[in-house]
Amino acid sequence: MRVFMLGWEFPPFISGGLGTACYGLTKAMSGLGTEILFVLPRPVTSPFSTHVKLLSPRADSPLAAPMTEFRLDEFEHVSFRTIPSRMDDPYARPEPAETIADKSRTTKGSSSTTGGEGNTATPGFVAETPKTGDHYAGDMFGEIQRYASLATEIARHETFDVVHAHDWMTFPAGLAVAALKGVPLVVHVHSTEFDRSGVNVDTRIYDIERRGMHGAMKIAAVSSLTKNICVHHYGVEPSKVEVIYNAVEFNGNGEFDEEKYKIHSDEKIVLFLGRITMQKGPEYFLAAAKKVLEVMDNVKFVMAGSGDMIRRVIEMAASMGIGHKVLFTGFLRGADVERVFKMADLYVMPSVSEPFGIAPLEAMSHDVPVIVSKQSGVAEVLNHALKVDFWDINEMANKIIAVLRHPPLASTLRQHGSFDVRKRTWVDAARECVEVYGQAVGMVKGR
């Protein structure tokens, strides 16, 4: 089986779980002997990519457009083609007009989140909004079409059995390549516009997602939650969608200096790690943090990540009077992710709508107890994590306090959580993908 794979991200250029999933899945598929030609919008040549080694970079290409072909030592059966371009982060969102504090006061299950006037943000942290897409720029939709055109030109000179397109940014390319070569298209839905935007759906993105799902022979969804969205919001036949859960893999590196944040040995650390966006529920994390701090003083809340809500979240922490108890690290990469996990006593993922959520698996692999929202796909595969509705900040706070105050509970979650992590690997996901490929090819051939 030879696969023409279309992906928008690959470590170190990632803004979320998509790049991490592409890394883990392709590595596992390579180990199974599946031949993959992976087309990326830009080369992986950053000095941060310490988890991979560039073996044979070449600038020659049979096409007139400048492209790069290379292999990575961990990917024996995967070759990469890159199209030089600068693109917007497809997950970056403009901030809503209302403030986070205003929203949290009127959200189900929330209480007032204001208080403590005159406080400042965390000492030592400069309240400057990080650029979530600083490795992309330009007209995103125009670049998506350009990527589709150049990917089609690459495909014209290749032979393969199936096209695999990851998330909406590559769906136009997938449709074009599949039509050109007469092979089946499999689209991989890692998230939908309803997850990212809630009721404020961008109809242009929705239309691209819908065309991709209906034009594909098979759909891989990262959870049953995501499958249900595909069926009910996009009109897809349930039999067309296969659930393939993600696993866990580490990549990248960065800088995290615990001394900088003055964390004391007697303090408990509660960690939020993810994009600081509406989808991830950072305001609910802070609202729960305030309630925890009302009864426990020796706790610090670490928010690791960047996103379009970062400035307002910092302002919210200050206005609530807990700015000195909330640490903002910015975006972290592999070595620093491991370091912050080792420091954490508890990981919380309060996502409003999370198609899957790899970070809780990473936390468990570091023996960190986990609380996840019931509105996440990963909750479907975790038997030894505490679960809570994202909006129920009282229950979230109660469960945080329970883990921090009762060592036997924390110990049980750590010990049994490792079972959840071990029973799901990227090799499992890779085998399931190959099976879906076989189904798609068989459907085209009438088997």
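The values are calculated or read from the model by the stated rules, or taken from the named source; none is laboratory data. Note that the structure is predicted; figures quoted are calculated from it, not measured. Glycine also receives a Cβ, built like all others from the backbone with ideal geometry; neighbour counts cover every protein chain displayed. For the accessible areas, the whole protein counts, side chains as well, though only heavy atoms, and no ligand, DNA or RNA atoms are used. Shrake-Rupley method; radii C 1.70, N 1.55, O 1.52, S 1.80 Å.
Along the Cα-to-Cβ line of HIS416, 7 Å from the Cα, sits a label point; which residues in segment 374-390 have backbone N less than 19 Å from it?
Of the residues in segment 374-390, 374, 378-389 have backbone N under 19 Å from the label point off HIS416.
Compute the length gained on full extension between ASN383 and ASP428: take 0.36 nm times their separation in residues and subtract their Cα-Cα distance, giving the result in nm to one decimal.
14.4 nm
Residue separation times 0.36 nm, minus the C-alpha to C-alpha distance between GLU315 and ALA179: what's the value?
44.0 nm
Could you please report the charge total around VAL243, scoring K, R as +1 and D, E as -1 over all other residues with beta-carbon less than 9 angstrom from its beta-carbon?
-2
Name the long-range amide H neighbours of VAL243: under 5 Å, sequence gap of 5 or more, or other chain; modelled H, no Pro or chain starts.
The list, which skips near neighbours in sequence, is ALA221.
Which order do the peptides 434-445, 357-368 take when ranked by the mean count of other beta-carbon atoms within 10 Å per residue, highest first?
Ranked by mean Cβ neighbours within 10 Å, highest first: 357-368, 434-445.
Could you give the distance between the Cα centres of segment 382-397 and segment 307-350, to the whole Å?
18
Summarise the accessible area of segment 184-234 (1.4 Å probe, protein heavy atoms) by the percent that is carbon and sulfur.
About 50 percent, which is the carbon plus sulfur part of the accessible surface.
Before I look further, what does segment 137-215 give for accessible area per residue, probe 1.4 Å, in whole square angstrom?
Here the residues of segment 137-215 average 36 Å² of exposed surface.
Residues of segment 266-315: accessible area per residue at 1.4 Å, in Å²?
Normalised by residue count, the accessible surface of segment 266-315 is 26 Å².
First measure r as the distance between the Cβ atoms of SER239 and GLU76, then evaluate 1/(1 + (r/R0)^6) with R0 = 35 Å and state the FRET efficiency to the nearest 0.05.
0.50
Once you place label points 7 Å from the Cα toward the Cβ at VAL201 and VAL295, how far apart are they in nm?
That separation, rounded to one decimal, is 4.0 nm.
May I ask you to give the percent of accessible area on segment 305-447 that is carbon plus sulfur, with a probe radius of 1.4 Å?
Reported share for carbon and sulfur atoms: 51 percent.
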